[in-house]
1. Just one of 63, 57 is in contact (Cβ under 8 Å) with a residue 12 or more places away in the chain, in a helix (DSSP H, G or I) and of a type outside the set (Ser, Thr, Tyr); which is it?
2. Considering only residues that are open to solvent by 50 Å² or more (accessible area, probe 1.4 Å) and part of a loop (DSSP other than H, G, I, E, B), which ones fall in the stretch 11-30?
3. Out of 74, 89, I need the residue that is in contact with an Asp or Glu (Cβ under 8 Å, 6 or more places away or on another chain), surrounded by 12 or more Cβ atoms within 10 Å (Cβ to Cβ) and of a type outside the set (S, T, N, Q). Which one?
4. For the stretch 31-48, state whether one or more residues are under 14 Å from residue 84 (Cα atoms), open to solvent by 90 Å² or more (accessible area, probe 1.4 Å) and under 15 Å from the mean Cα position of the chain (by Cα).
5. Could you please let me know if residue 79 is open to solvent by less than 80 Å² (accessible area, probe 1.4 Å), of a type in the set (A, V, I, L, M) and not in a helix (DSSP H, G or I)?
6. If a residue has to be in contact (Cβ under 8 Å) with a residue 12 or more places away in the chain and open to solvent by 60 Å² or more (accessible area, probe 1.4 Å) to count, how many in the stretch 92-104 make the cut?
7. Conditions first: (1) in a helix (DSSP H, G or I); (2) open to solvent by less than 60 Å² (accessible area, probe 1.4 Å); (3) more than 19 Å from residue 18 (Cα to Cα). Residue 68 passes all but one, so which condition is the exception?
8. For residue 8, which of the numbered conditions (1) part of a helix (DSSP H, G or I); (2) surrounded by 16 or more Cβ atoms within 10 Å (Cβ to Cβ) fails to hold?
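The values are calculated or read from the model by the stated rules, or taken from the named source; none is laboratory data. This is a predicted model, so every value here is computed, not measured. We place every Cβ from the backbone using ideal geometry, glycine too, and count neighbours over all the protein chains shown. Only protein heavy atoms, including side chains, enter the accessible area calculation; ligands, DNA and RNA are left aside. Shrake-Rupley method; radii C 1.70, N 1.55, O 1.52, S 1.80 Å.
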Amino acid sequence: MQLREVTVVKRSGRKVVFDRDKLSRSIEVALRKRPVEEERVERLINGLVRQLESSGESEVASETIGDLVMEALKGLDHVAYVRFASVYKDFREPRDFEDLLGSL
């Protein structure tokens, strides 16, 4: 059951309807070949979707969603967290990884 339609505001300012499948694919890519039960992944995704839909906001910045995913992955699997962060934060050099790993 969807509580509220959420619009994602991209960095460019473009607005798109939130796509649960896109969120799920991003998380699954980060978790590829990691020893995490599918049930835990589904709970994580459902929790993120519920959080977005029940926030009371009709528009959410893509950065907010990315931060929520990073925080959720950090608690689930550190390797997936680093993988997601490297794409989301657009890492360019090894120092970017060092800085992120230092925060773990």
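1. Of 63, 57, the one residue that is in contact (Cβ under 8 Å) with a residue 12 or more places away in the chain, in a helix (DSSP H, G or I) and of a type outside the set (Ser, Thr, Tyr) is 63.
2. 11, 12, 14, 19
3. Details: 74 fails: in contact with an Asp or Glu (Cβ under 8 Å, 6 or more places away or on another chain).
None of the others qualify; the one that does is 89.
4. Yes, the stretch 31-48 has at least one match.
5. no
6. So the answer is 3.
7. (3)
8. So the condition that residue 8 fails would be (1).
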